[in-house]
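Some notes on the structure that comes next.
The values are calculated or read from the model by the stated rules, or taken from the named source; none is laboratory data. Fair warning: this is a prediction, and the values are worked out from it, not measured in the lab. Cβ: placed from backbone, ideal geometry, glycine included. Neighbour counts: every protein chain shown. Note: accessible area is taken over every heavy atom of the protein model, side chains too, but ligands, DNA and RNA are not part of it. Shrake-Rupley method; radii C 1.70, N 1.55, O 1.52, S 1.80 Å.
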Amino acid sequence: MIDFKNIRKSFGEREVLKGITFSVPEGQILFILGTSGTGKSVLLKTIVGLLKPSSGEVFINDREISCLSEREMFPVRRMCGMVFQQPALFDSLSIFENVAFGLRKHQPELDHAQLSARVKECLALVNLSGIEDKLPQAISYGMQKRVSLARTVAVSPRILLFDEPTTGLDPVTTNSINHLILELSRKLKTTSLVVSHDMQCALDIADHILVLDKGEIVAQGPPQTLKQSTHPLVQDFLREALNAETAH
Amino acid sequence: MTATLSDFFVYSTRTFKALFQPPFRSKDTFQQLEFVTWQSLPVIVFCVSFAAMVTIMESSFHMKLMVQNDSLVPGFASLLILRELGVVVSSLLLTSRVGAGLAAEVGSMQVTEQVDALRMLGIDPIRFLVIPRLIACTVGGVILSLIANLVCLYCAMLISELKLGYSSGSFLTGMRAFVSYKDLVFAMIKGGCFGTVIPIVSCFFGLRCESGAEGVGKATTNSVVVASVAIIVMDFVLTYIFSHFY
């Protein structure tokens, strides 16, 4: 269970989050929608302490984590996995080493054969077998994104955070990533928070949707409820989703 | 400005604490040492050679002008080379080559969220990125200052023989009258201190890098400027401290 209580975050004079309060029950998929620059990624990063809120509290399983030091955050981050907006793969390491990176740190008891098997399993999960020896720059952007997902899943997190996982990808890869999020969340029984612009995808796979505008929540609820919303931004998103569906 | 200084203080304290905490990334440290020392060596040797040659020729010209005699040039020039020229020139070259590279590398990692990815995997970026570079630059600074000084002295000796007409024997005799082993030791200490400043400053700016190519460029420029200024100021402080030991 993740709880946000009156979270505010400012960068200098600019207030990006203006008192955000919401909860995510365990095992649910929450989509956070909004236009660019509304504080979606900032919100996601406050969960794992990559950014500290200016005020307010974040609870994970009833433990307040926004006041923890960098060192105290490690166990919290241990149960979270984050797929960043960019692939964020380590350039100097092979795909195998990138996926194995977190495993070596968190599960040092694994021998080479077990490690290798786990890496292959995770890469197969994102439909990327046989590229273990390549360097990140030798594969496409879409493949890098999927490797990033494999690296995140490898350490078996209980909470998955996706920061615009499909931005910059072609429709086919976007579709496969979206289904992967659903599959992983159901299969691994993780709580997932997905930051996205894609209303269609949110309507398809989210349990709950939250729409942010200028640092405030303007609408939230299950997909069916959100479809009834009269808020102009939600209407814009719904129209966009309808257009996309018609185009298909 | 105050916030930046306070951040730098906190970051430096964390860095020095992390220096003594295992695990030590020896493989990375040796790779960085090779990058700092071996790969910087050609440019440093090339530049300090010319700096030494210019120093001895200028010293001779001005001494002849003022006292119509340049017999003290080998001694004076050797002293200047050992105490200042070799170590400061090599450190400033190291700043522009290694410092700029580190700031750009760490800055790119920050911008592409690789640093956040490290933190998410429970790895402290200071221990992972800064410490191997800090050790490598400190050790590299000592080694390079020693090599730079020896090369400088050799070039000065060569020029004084070819251009000023002093044999190598008389150059060494003149040098011995002015220079002691302490000068070489202090030069190496200076080299180590300057080597420590470079990665600390560069990684600090890299880790604070703002997004985009402009952010990386700004971080790189700031790191080179601040590290160069820090080296010059530190040189004054160390020279003042060492002056009590001569």
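Would you mind counting up the charge near A:Ala219? Only other residues with Cβ under 11 Å from its Cβ, with Lys and Arg at +1 and Asp and Glu at -1.
Details: positive: A:Lys227; negative: A:Asp213, A:Glu216.
Neighbour charge sum, excluding A:Ala219 itself: -1.
Considering chain B as a Gaussian network with a 10 Å cut-off on Cα pairs, which listed residue, B:Phe204, B:Phe50, B:Phe35, attains the greatest mean-square fluctuation?
Highest fluctuation among the options: B:Phe50.
Apply the Karplus curve 6.51 cos²θ - 1.76 cosθ + 1.60, θ = phi - 60°, to the phi angles in the range A:6-13 and return the couplings in whole Hz, x for Gly and Pro.
Result, rounded to whole Hz: 6, 6, 10, 9, 10, 10, x, 7.
GNM on chain A, C-alpha springs below 10 Å: top fluctuator among A:Phe101, A:Phe59, A:Phe11?
A:Phe11
How big is the shadow of the Cα convex hull of the range A:115-248, averaged over all directions, in nm²?
Projected over every direction and averaged, the Cα hull of the range A:115-248 covers 9.3 nm².
Tell me, what is the FRET efficiency for B:Val43 and A:Arg71 to the nearest 0.05, using R0 = 51 angstrom and their Cβ-Cβ distance as r? Don't skip to the answer; put the middle values down first.
Numbers: r = 40 Å, r/R0 = 0.79.
The calculated FRET efficiency here is 0.80.
Solvent-accessible area of B:Val233, probe 1.4 Å, all protein chains present, reported in Å² to the nearest ten, please.
Surface open to solvent at B:Val233 totals about 80 Å².
For the peptides A:203-215, B:58-70, what is the packing order when you average, over each peptide's residues, the other Cβ atoms within 10 Å and list the highest mean first?
Details: A:203-215: 20.7, B:58-70: 13.5.
Going by the mean number of other Cβ atoms within 10 Å, highest first, we get A:203-215, B:58-70.
Provide the packing ranking of B:2-10, B:143-151, i.e. peptides ordered by the mean count of other C-beta atoms within 10 Å per residue, highest first.
In decreasing order of mean packing, B:2-10, B:143-151 become B:143-151, B:2-10.
Can you give the charge dipole size of the protein assembly as shown about its Cα centre, rounded to the nearest 20 debye, using +1 on the beta carbon of Lys and Arg and -1 on the beta carbon of Asp and Glu?
With Lys and Arg at +1 and Asp and Glu at -1, about 860 debye.
How much of the accessible area of the range B:1-115, in percent, comes from carbon and sulfur atoms when a 1.4 Å probe is used?
72 percent
Rounded to two decimal places and with Rh computed the Kirkwood way over Cα pairs, what is Rg over Rh for the protein assembly as shown?
Numbers: Rg = 29.0 Å, Rh = 25.9 Å.
Radius of gyration over Kirkwood radius for the protein assembly as shown works out to 1.12.
Sorting B:Ser160, A:Ser69 by accessible area (1.4 Å probe), largest first, what list results?
A:Ser69, B:Ser160
So which of A:Lys9/A:Lys227; A:Lys40/B:Lys218; A:Lys52/B:Lys218; A:Lys52/A:Lys189; A:Lys40/A:Lys145 end up more than 23 Å apart, counting from Cα to Cα?
A:Lys9/A:Lys227; A:Lys40/B:Lys218; A:Lys52/B:Lys218; A:Lys52/A:Lys189
Below 19 Å, Cα to Cα, which aspartates and glutamates can A:Lys18 reach? Residues fewer than 8 away in the same chain don't count.
Answer for A:Lys18, where 19 Å is the Cα cut-off: A:Asp3, A:Glu57, A:Asp213, A:Glu216, listed by chain and number.
What is the magnitude of the charge dipole of the range A:2-247 about its Cα centre, with +1 placed on the Cβ of each Lys and Arg, -1 on the Cβ of each Asp and Glu, and no other charges, expressed in debye to the nearest 20?
The calculated dipole for the range A:2-247 is roughly 360 debye.
Considering only C-alpha atoms, what is the centroid distance from the range A:7-70 to the range B:32-90, in Å?
The range A:7-70 and the range B:32-90 have Cα centres separated by 57 Å.
Tell me the mean residue ellipticity at 222 nm calculated for chain B from its helices only (DSSP H runs of n ≥ 4, each -39500 (n - 2.57), averaged over every residue, nearest 500).
Mean residue ellipticity at 222 nm (helix-derived): -25500 deg cm²/dmol.
Simple spin-label model, 7 Å along Cα-to-Cβ: A:Arg63 to A:Ser116 in nm?
If labels sit at A:Arg63 and A:Ser116, their model points lie 3.6 nm apart.
How many nm is it between the label spots at A:Lys52 and A:His197, if each spot is 7 Å from the Cα in line with the beta carbon?
Here the answer is 3.3 nm between the modelled labels.
I need the phi-derived Karplus couplings for the range B:191-196: 6.51 cos²θ - 1.76 cosθ + 1.60, θ = phi - 60°, integer Hz, Gly and Pro marked x.
Karplus values, whole Hz, x for Gly and Pro: x, x, 5, 5, x, 6.
Carbon-plus-sulfur fraction of the accessible area of the range A:189-248, 1.4 Å probe, in percent?
Percent of accessible area from carbon and sulfur atoms in the range A:189-248: 51.
In deg cm²/dmol and to the nearest 500, what is the mean residue ellipticity at 222 nm of chain A if only DSSP H runs of at least 4 residues count, each as -39500 (n - 2.57), divided by the residue total?
Using -39500 (n - 2.57) per qualifying helix, the result is -12500 deg cm²/dmol.
To the nearest 10 square angstrom, what accessible area does B:Met57 show with a 1.4 Å probe?
Rounded to the nearest 10, the figure is 80 Å².
Please compute how much accessible surface disappears when A pairs with B, both sides summed, using a 1.4 Å probe, and round it to the nearest 100 Å².
It comes to approximately 1800 Å² buried between A and B.
Checking buried surface per residue: for the range A:59-86, which residues lose a minimum of 30 Å² accessible area in the protein assembly relative to the chain alone (1.4 Å probe)?
Listed by number, the residues meeting the 30 Å² cut-off are A:Glu70, A:Arg71, A:Phe74, A:Arg77, A:Phe84, A:Gln86.
With a 10 Å cut-off between alpha carbons and a GNM built on chain B, which of B:Ala227, B:Ala177, B:Ala187 moves the most?
Per the Cα network of chain B with a 10 Å cutoff, B:Ala177 tops the list.
Provide a whole-number value for the mean count of partner chain Cβ atoms within 10 Å of the Cβ atoms in peptide B:109-119.
Working: counts 3, 0, 1, 8, 11, 7, 2, 9, 15, 5, 8.
Across B:109-119, the average partner-chain Cβ count within 10 Å equals 6.
Just the number please: accessible area per residue for the range A:2-247, 1.4 Å probe, all protein chains included, in Å². Mind showing how you got there, number by number?
Details: 10770 Å² over 246 residues.
Per-residue accessible area for the range A:2-247 comes out at 44 Å².
Hey, could you pull the Cα Rg and Dmax for chain B, both in Å?
So, for chain B, Rg and Dmax equal 20.4, 70 Å respectively.
Inverting the mean 1/r over all pairs of different Cα atoms, compute the Kirkwood radius of chain A and quote it in Å.
That comes to 18.7 Å for chain A.
In Å², and per residue, what accessible area does the range B:26-239 have when probed at 1.4 Å with the other protein chains present? List each step's numbers first, then the result.
On the way: 9110 Å² over 214 residues.
Computed with neighbouring chains in place, this is 43 Å² per residue.
With every protein chain left in place, what is the accessible area of B:Val43 in Å² (1.4 Å probe, nearest 10)?
So the heavy atoms of B:Val43 present about 60 Å² to solvent.
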